[in-house]
Amino acid sequence: NEKGVVIGNEAVWTLVEDEDLVTKRLLGMDLVRLGLERGSTAKEALQTITSLLETHGQGGPCAENDPSLTYHNSFLIADCREAWILETAGRHWVAEHVTQGSRNISNTLTIRTEFDLSSKGLQDYARRNFHWDDSVPLDWAHLVGGDLGDCESPYSRQGCGRRLLLEHDKKETSMIQ
């Protein structure tokens, strides 16, 4: 946008089925557009997207020729000062502040137990719907993603992207300061 905020978006599939995803709600691209329209910084765009997500939910047909295709979303949100990874499942979400190095998103949940922000009521939701025991850290990707994505494999799309970024990081310094 005109303030230097950029947002990348990828589809992710989760175990969360709280709402009928076929019902028209906000799509990931709607959230990208609204985040860019309303956010003067990466943090403001993140707050815009998460507020809209909690209030209105996400869902609806995501492919013109296949109205049954639905998914949740992950976002990479950045400006010249900071970057965030935002992962969503239904109306719930977690966000990780990227403070060093680089990160990528590739159609799979990547945030595990180290997140900086989360949706209101996430822990209660996890206890109620996934029988999470708070004696262990809440593992977002495992809890809401299960075995739906193999982001740990170096041969996965996520793993290949991570490897390429690490190689780039060795040659360049991060733009975020």
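Values computed for the structure shown
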read-out	value
Test result for residue 109, in a helix (DSSP H, G or I) and crowded, with 17+ Cβ neighbours inside 10 Å	no
Matching residues in region 53-82 - criterion: being surrounded by fewer than 19 Cβ atoms within 10 Å (Cβ to Cβ), of a type in the set (Val, Ile, Thr) and in a loop (DSSP other than H, G, I, E, B)	none
Residue in region 156-177 that is modelled with pLDDT of 80 or more, among the charged types (D, E, K, R) and not in a helix (DSSP H, G or I) present	no
Residues satisfying the stated conditions in region 13-52, i.e. open to solvent by less than 40 Å² (accessible area, probe 1.4 Å), at pLDDT 90 or above and β-branched (Val, Ile, Thr)	32, 48, 49, 50
Contacts under 8 angstrom Cβ, first residue in region 116-144 being of a type in the set (D, E, K, R), partner open to solvent by less than 30 Å² (accessible area, probe 1.4 Å), 6 or more apart	116/95
Some residue of region 77-85 being free of Cβ contacts under 8 Å to residues at least 60 places away in the same chain and within 30 Å of residue 170 (Cβ to Cβ)	yes
In region 130-151, the residues that are modelled with pLDDT under 75 and under 16 Å from residue 74 (Cβ atoms)	148, 149, 150, 151
Total residues in region 83-106, condition open to solvent by 40 Å² or more (accessible area, probe 1.4 Å) and either modelled with pLDDT of 85 or more or out of contact with any helix residue (DSSP H, G or I) (no Cβ under 9 Å at 6 or more places or on another chain) (or both)	5
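The values are calculated or read from the model by the stated rules, or taken from the named source; none is laboratory data. Source: prediction; values computed, not measured. Every residue, glycine as well, gets a Cβ built from its backbone with ideal geometry; the counts of neighbours run over all protein chains shown. Surface areas here come from the heavy atoms of the whole protein model, side chains and all, with no ligands, DNA or RNA. Shrake-Rupley method; radii C 1.70, N 1.55, O 1.52, S 1.80 Å.
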